[in-house]
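The values are calculated or read from the model by the stated rules, or taken from the named source; none is laboratory data. For clarity, every value in this text was computed on a predicted model and none was experimentally measured. Neighbour counts run over all protein chains shown; Cβ positions are idealised from the backbone, glycine included.
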């Protein structure tokens, strides 16, 4: 299955999510992982008549191979490690601590830029967490772990594509999982899109401007 672009994939995904609109009208919120996931999330939020927000997590890369994730950081500073990888690679504790500190500052910057504040109000919500696809799922697993501390009514994940092994791991830790394509052989998310052009911060800001009025003002 090859998607034309993020919008087409999101339309197809939204078609499998209309039951949420009928069942959870007043408590549903779409949470997107920037940046590509925000394009996906806007289409789905509009289709379901739901509000849109962002959840930012950043991966911590291996010191010798930054693209290889050894864990991920959330905006509250929590670090979700891949213990097996860290142990195998003998990643120094100091490196992890310094990376977490630097990434938290970057996450704070992006939250302010994208949504105007760092305050969330998710208690009792039905959260629909979306992205344009997952590979290892490092940042999504981090987001899920944090969301589980927010006293949600329900946590649902919806993605167009992801490798079968990652999908099965996700299915075990959320209330519902909706995925359009989960091949056993998987390279990169972009390989399943004809157009997978990079989404810019400015595009995310423009999308989120429409939803900022629904977000809690910063109380700091």
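So is residue 38 in contact with a strand residue (DSSP E or B) (Cβ under 7 Å, 6 or more places away or on another chain), part of a helix (DSSP H, G or I), buried (at least 23 other Cβ atoms within 10 Å of the Cβ) and assigned by TED's automatic domain parsing to the domain that holds residue 154 or not? The answer is yes for residue 38. Cβ-Cβ contacts under 8 Å between residues 6 or more apart (or on different chains), taken from a first residue in the stretch 82-94 that is in contact (Cβ under 8 Å) with a residue 40 or more places away in the chain to a second residue that is surrounded by 15 or more Cβ atoms within 10 Å (Cβ to Cβ), are listed as 82/69; 82/70; 82/71; 82/138. Checked against the criterion of being closer than 23 Å to residue 204 by Cβ, in contact with a helix residue (DSSP H, G or I) (Cβ under 7 Å, 6 or more places away or on another chain) and modelled with pLDDT under 95, the candidates 104, 118 yield just one match: 118. Of the set (1) closer than 15 Å to residue 33 by Cβ; (2) in contact (Cβ under 8 Å) with a residue 60 or more places away in the chain; (3) in a loop (DSSP other than H, G, I, E, B), all apply to residue 174 but (2). Taking the criterion of being assigned to a loop (DSSP other than H, G, I, E, B) and closer than 12 Å to residue 78 by Cα, the only residue of the stretch 129-153 that qualifies is 149. Within the stretch 137-151, restricting attention to residues that are without any contact (Cβ under 8 Å) to a residue 60 or more places away in the chain and crowded, with 20+ Cβ neighbours inside 10 Å, the residue that is nearest to residue 58 (Cα to Cα) is 137.
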